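Below: one structure, written as C-alpha cells.
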Amino acid sequence: MKSTLIRTGIAAVVLLAAPLAAQAADLRQPYKAPSYSEPVYANWSGFYVGLNAGYGFGTSNWDVPAAGISPKGPVAGLTLGYNFQTGVWLWGVEGDVDWSNIKGDSACAAGSCETKNDWLATVRGRLGYAGWSGWLPYITAGGAGGDIKATDALGSESKMKIGWTAGAGLEYALWSNWSVKAEYLYVDLGSFSCGSCSVGGTSVSFKSSLVRAGVNYRF
C-alpha cells in the first residue's frame, strides 16, 4: 500500500514538473521583437483624366434695375490633372471644363431679369493627405473662367469673365488606376457691364457654389 502511494506521488510530481520545465526553457530563449512593416499607401502620382457632374447654386446681383437673382442648375464636363506624391503628401494641379445650365430670373423694373452661365472652367492647385489607406482628402484653389449672360426686356448681352475658386474634396482609390471623388468649389466670376440691358446699362455679378462628383483614371 505504501509503495503504491509513493509511486502515485512520484507520478504526480513528474506531471506537474513537465509544464514548469517547458516554461523555464521558453524563458531561456532570446526575445524576438515583433516584425514591423511599413504602411502601404495608394500611389496617386502621375497624369489622370476624368469626368465630373454636379449641381451649382449661387447669387447674381443687378444694379439697375435692382434685382437679386439665385441662379442654379446642373453642370458636367471633363477633368485633366497631374499628381506628385511625396510620402503621405500629394501636390497636384487640376483643370476642368464644364457645360453649365446654371441660370435664374427675378421680377424687376424691366419685367424680368435673367442671369445664365453656359460654361465654366477652373485651373487649380491641390494639396492632399494620402495616409488614410486609399482615402485622399484635399484642399484646392486657383483661377476660374466662364461666361455671364444677362437678359431683360430691353436686351441681352454675354461676356467671358475670369475670377477665382477655392474648395475641398475627398477622393478614394478603387481597383487598378480608377478613383472616385466628391468635392465642393466656390466660384466668383466678378461682374460685367451689360450695356444693352435696362436703360443706360447695368452691372451684373455671378457667384456660385458647385457640388460635384467625379471618376478619374490615372496613367
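Net charge within 13 Å of residue 173 by Cβ-Cβ distance, Lys/Arg positive one each and Asp/Glu negative one each, not counting residue 173 itself? Net charge in that neighbourhood comes out at +1. Near residue 99: Cβ cut-off under 12 Å, other residues only, Lys/Arg at +1 and Asp/Glu at -1. The net charge is -4. The convex hull defined by the C-alpha atoms of region 46-218 has an orientation-averaged projected area of 8.9 nm².
One decimal place: the segment residue 211-residue 141 gains 23.7 nm when fully extended, by the rule 0.36 nm per residue minus the C-alpha distance. How big is the gap, in Å, between the Cα center of region 88-128 and the Cα center of region 141-160? One Cα centre to the other: 11 Å. Remark: the residue 180-residue 43 segment gains 47.9 nm on full extension, using 0.36 nm per residue and subtracting the alpha carbon distance. Among the listed pairs 103/161; 72/159; 159/181; 149/181; 181/207, those whose Cα-Cα separation exceeds 21 Å are 159/181; 149/181; 181/207. Each peptide among 133-142, 147-156 gets the average number of other Cβ atoms lying within 10 Å of its residues, and from highest to lowest they stand as 147-156, 133-142. Taking a sphere under 12 Å around the Cβ of residue 193 and counting the other residues whose Cβ falls inside, with K and R at +1 and D and E at -1, yields a net charge of 0.
Any read-out appearing in this document is the output of simple, stated calculations on the displayed coordinates, not a laboratory observation. Every value quoted in this text rests on a predicted model; they were computed, and no experiment measured them. For neighbour counting, all protein chains shown are included, and Cβ atoms are generated from backbone atoms with ideal geometry for every residue, glycine included.
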